[in-house]
Every structure is written in C-alpha cells, then in structure tokens.
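Please treat every number below as a calculation from the coordinates, not as lab data. The structure presented is a predicted model; accordingly, all values stated were derived computationally and were not measured. All Cβ positions, glycine included, derive from the backbone under ideal geometry; neighbour counts span all protein chains shown.
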Ligand SMILES: Nc1nc2c(c(=O)[nH]1)N[C@H]1C(S)=C(S)[C@@H](COP(=O)(O)O)O[C@H]1N2
Ligand SMILES: [Mo]
C-alpha cells in the first residue's frame, strides 16, 4: 500500500503533479519538517512544507483556494491558500517509515499552529487524514467538515474519538 501511495496536487496550477512518499521524503532538507510533535497538535512524524509543494506546481494568479481531499472516507476541507501556506505541513513519515493509516497516513495535512491562522475554520478539524489530493481553485469547493456540535459529535464517535472537541 505504502509503495503505491500518491499525493496529487492539481487544479489551477502551472504544472499539476503526483508525488510519491519517496519523492516527498527525498526533498531538500529546507523543505522537510522534522518532528511535527513540536507543534501544538502533538501529532507525530516528519513531513514536507505545503509551501514546497505549491512552489513545485506553480500557483496561477487565479489560485485562491486549496481543497484537501480524502477519498478514503469522503472528507474534504476547503481553505484560502493565503491563510495556510506558511502554516501547513504534509506529514508523510513516522520513524523513517510510511505514516500508518491509524495515524491518518499515508499522507496527513497538519496546521503547525491552528490558533495563529486567526481564522475560525482553521482548527484541528482541518488536519485532513488519508490526504490523497490537494486541489487548487479560484472559487471555494464543497467542505464536508461538521458544522455544528451534534454533527461533530457524530463524526468523532465514528472516528472512535471522544465526542468533545479538542
Ligand atoms: N479524512 C479525514 N480527516 C479528518 C477527519 C475525518 O473524519 N476524516 N476528521 C477531522 C476532525 S473533525 C478532527 S478534530 C481531526 C481529528 O484528528 P485525530 O483523529 O488525529 O485526533 O481530524 C480531522 N481530519
Ligand atoms: Mo474536529
């Protein structure tokens, strides 16, 4: 499974791309983020900056939104690129191995410091697990995050987490 894991970055970009874990983990050290447990979410692993991925595909003047797609469980989060581009990491490894599915792998989006993003919709809920596609667009795309406490409690129960929000 990990051998075939791919992350697509496409949409309103100059050069749509498909990244393998091997490709991501071999990126220059300046693009790598070591030990994401330093950040407030406390999640573990290593990854690559969102900025590095965006620089490789090349944003267009019309590129304003980024949608994080998890096909596995049909979960989708759409946020303005400017709000997250300096804040986000795609976690791809844990202890030098593929990020396990129990940790949201093979690829997981992670906001380094959701609070500093200063946007109400940038919290732990935006840390998309099983990420397989980052779609860039001019207009917002549908976002499937729970919108109220009941919907949230139901999702968290399905995830096997406590129903209270972190
Ligand atoms: N693919 C996917 N990613 C997801 C979710 C989900 O249901 N599916 N839930 C989100 C929500 S609402 C929260 S609060 C966090 C929970 O992360 P955790 O399971 O690592 O604690 O994951 C987010 N990422
Ligand atoms: Mo959440």
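Each semi-axis of the equivalent ellipsoid for the chain is √(5λ) with λ an eigenvalue of the Cα gyration tensor; in descending order they amount to 23, 20, 15 Å. One Cα centroid belongs to the stretch 82-111, the other to the stretch 23-65; the line between them spans 8 Å. Modelled this way, with points 7 Å down the Cα-to-C-beta line, the labels at residue 72 and residue 145 are 2.0 nm from one another.
Please find the FRET efficiency linking residue 154 to residue 123, where r is the Cβ-Cβ separation and R0 is fixed at 22 Å, and quote it to the nearest 0.05. That pair, residue 154 with residue 123, gives E of 0.80.
Build a GNM of the chain with springs between Cα atoms under 10 Å apart, and of 41, 62, 93 the one that fluctuates most is 62. Model label sites at residue 113 and residue 39, defined 7 Å from Cα along the beta-carbon direction, differ in position by 1.2 nm.
On full extension, the segment bounded by residue 30 and residue 62 gains 8.8 nm, given 0.36 nm per residue less the C-alpha separation.
Return the FRET efficiency for the residue pair residue 8, residue 161: r is the Cβ-Cβ distance, R0 is 22 Å, and the value is rounded to the nearest 0.05. Between residue 8 and residue 161 the formula returns 0.20.
Remark: relative contact order (the chain) = 25 percent; criterion is Cα-Cα distance under 8 angstrom and separation of 6 or more residues. Computed on the stretch 42-97, the Cα convex hull volume stands at 117 Å³ per residue.
Result for the chain in a Gaussian network model with C-alpha springs under 10 Å: among 108, 38, 141, the largest mean-square fluctuation is at 38.
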